[in-house]
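Right, one structure below, let's go through it.
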Amino acid sequence: MSLNIETKKAAVEEISEGIANAQTMVIAEYRGISVASMTELRANARKEGVYLRVLKNTLARRAVEGTSFAALAEHMVGPLVYAASEDAVAAAKVLHQFAKKDDKIIVKAGSYNGELLDVAKVAELASIPSRDELLSKLLFVMKAPVSGFARGLAALAEKKESEAA
């Protein structure tokens, strides 16, 4: 299906807006994936705040020209799904984890802060905990001494009460 020039410009504009604030972009081949699987992948991406689209490669190449994702242009061949996220690991994590579950999704390449990532580096990026996970771990570590101190005070108060009685 051929798109007219205005439709193509609008598509490039929409893609550019979708990746404007992204730190990471990952591309994966989706040849032969079922509709149910693609729907599940889109739901996972939406839940994680990942911009996920199936795009015409020529339009995607135009959209990434002059951005930190320009190095991905040489890998934009075949039926691809594009994932971009403001969170440094979310796009890689969504596609990598889904590729483990559905062998029809094959991660091809990625880009993080202008650096081209091969499949192994995308997998490494996906293994890093997300910002939210790191913040919750930090909160737990910060809260542990306070709760330990509170338990110590409670034990000391009980001891004083039992000695007084």
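Bear in mind that the values in this text are calculations on the coordinates, not laboratory data. Just so you know, these numbers come straight off a predicted model, no measurement behind them. Virtual Cβ from ideal backbone geometry, glycine too; neighbours counted across all protein chains shown.
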Rg(Cα) / (2.2 N^0.38 Å) computed for the range 1-48, rounded to two decimals:
1.44
For the chain, what is the calculated [θ] at 222 nm in deg cm²/dmol (nearest 500), taking -39500 (n - 2.57) for each run of four or more DSSP H residues and dividing by its residue count?
-18500 deg cm²/dmol
Anchor LYS159: lysines whose Cα lies under 29 Å away (excluding residues fewer than 8 positions away in-chain):
LYS143
Taking the Cα centre as origin and putting +1 on Lys and Arg beta-carbons and -1 on Asp and Glu beta-carbons, what dipole magnitude results for the chain, to the nearest 20 debye?
260
Between their Cα atoms, which of LYS108/LYS137; LYS93/LYS121; LYS47/LYS121; LYS9/LYS104; LYS47/LYS100; LYS101/LYS137 are more than 20 Å away from each other?
LYS108/LYS137; LYS47/LYS121; LYS9/LYS104; LYS101/LYS137
Cβ-Cβ cut-off under 14 Å around GLU40, Lys and Arg +1, Asp and Glu -1: the net charge is +4
With helices defined as uninterrupted DSSP H runs, which ones in the chain have an alpha carbon span along their own long axis of at least 27 Å and mean Kyte-Doolittle hydropathy of at least 0.0?
131-164
Computed from the coordinates I sent, percent of Cα pairs over 22 Å apart equals one of (i) 42; (ii) 34; (iii) 51. Tell me the label.
(iii)
Among ALA36, ASN4, VAL94, flag the residue with its Cα farthest along the positive direction of the charge dipole of the chain, charges on Cβ as +1 for Lys/Arg and -1 for Asp/Glu.
ALA36
Just how far, in whole angstrom, is the range 123-165 from the range 12-40 if you go by their alpha carbon centroids?
40
